[in-house]
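In what follows, a structure is listed as structure tokens, so that the remarks can point back to it.
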Amino acid sequence: MGIERKVKLVEQLFDRLEGEIVGFQSKTGLQCVLGCGKCCTTPHIDASPLEFLPWASHLYLNGQAEIVLDELNQTTKKLCHIYRPVSIVDSDNGSCSNYKYRGLICRLFGYAASRDNLGKLRLATCKIIKENQSENYKNTTVAIANGLYVPIFYDYYMHLSQIDFRLGKTMLPINEALKIAIEEVLHYYAYRPFPGGLKVTA
């Protein structure tokens, strides 16, 4: 399967998830705090290269893939390379520099659940939401236990791996996943014409 097809399938999966999350937010009232990037500052986020393939493809189409790959190869930072804090001294507040192309882990966290050892669904969300939206959080926990639909991490990663098992099941520190996603795209187009017969833009 070509890169273009994989990108399209990943984007379709993301679109489906987006609809489910919007519905979940509407029913629960849970929302991320505007401008908060606390979850993005976690230094040990793992992700798969496949979930960042649309991002890498976007970079390539805009002539930025090799530039960003060089940046990733030179950085020693563990924080996600795409995240942009508002300042050096305030890393907890900021935003994703490519929000449209954020990964699956970025989309799921806060609005999806995992199963505990007993098979019960547990909403995976941040301390800020739990504390600042405690009533909504408690009501949501009860609602999930009573059957409210919530996206499930495992299910979505299984769907992802069905697109490309190798790239979808390989979990790496997020910046390593970003690097491999770009390398996959560059390798694919190394001996192929630019998509649509266009030239790479500067």
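The calculated FRET efficiency for the pair CYS126 and ASP46, based on their C-beta separation and a Förster distance of 22 Å, comes to about 0.85. Qualifying trypsin sites (Lys or Arg not before Pro) in region 106-178, where qualification requires a DSSP coil assignment and no more than 16 other C-beta atoms within 10 Å, comprise LYS120. Over the chain, DSSP H runs of length four or greater, each weighted -39,500 (n - 2.57), average out per residue to a 222 nm ellipticity of -15000 deg cm²/dmol.
Rounded to whole Å, the principal axis extents of the Cα atoms in region 71-141 read 43, 25, 22, largest first. Relative contact order for the chain: 36 percent, from Cα pairs under 8 Å spaced at least 6 residues apart, divided by residue count. In the context of the full protein assembly, MET1 retains an accessible surface of approximately 130 Å², using a probe radius of 1.4 Å and ignoring ligands and nucleic acids.
Solvent-accessible area assigned to carbon and sulfur over region 78-202 amounts to 57 percent, based on a 1.4 Å probe. Annotation: per residue accessible area for region 61-180 equals 59 Å², rounded to a whole number [probe 1.4 Å, protein chains only].
Helix 134-145 and the long axis of the chain differ in direction by around 90°, with both axes built from C-alpha atoms. Take SER161: with every protein chain present and a 1.4 Å probe, its accessible area is about 10 Å². When +1 charges are put on Lys and Arg Cβ atoms and -1 charges on Asp and Glu Cβ atoms, the dipole computed for the chain relative to its Cα centre reaches about 300 debye.
Multiplying the residue separation of SER134 and ASN146 by 0.36 nm and removing their Cα-Cα distance gives an extension gain of 2.5 nm.
Of LYS8/LYS78; LYS8/LYS77; LYS8/LYS100; LYS27/LYS138; LYS38/LYS78; LYS38/LYS130, which ones are farther than 19 Å apart at the Cα? Beyond 19 Å between Cα atoms: LYS8/LYS78; LYS8/LYS77. Computed from Cα positions, the angle between helix 174-189 and the longest principal axis of the chain comes to roughly 40 degrees.
Taking 0.36 nm per residue of separation and subtracting the current Cα-Cα distance, fully stretching the chain between SER26 and GLU11 would add 3.2 nm. Using R0 = 25 Å, the C-beta based FRET efficiency linking ALA190 and THR75 works out to 0.55. Note on region 25-140: with charges restricted to the Cβ of Lys and Arg (+1) and Asp and Glu (-1), its dipole about the Cα centre is near 520 debye.
The values are calculated or read from the model by the stated rules, or taken from the named source; none is laboratory data. Because the structure is predicted, anything quoted here is derived from the model rather than measured. Cβ coordinates were reconstructed from backbone atoms using ideal geometry, including for glycine residues, and neighbour counts include every protein chain displayed. For accessibility, only protein heavy atoms count, side chains too; no ligands or nucleic acids. Shrake-Rupley method; radii C 1.70, N 1.55, O 1.52, S 1.80 Å.
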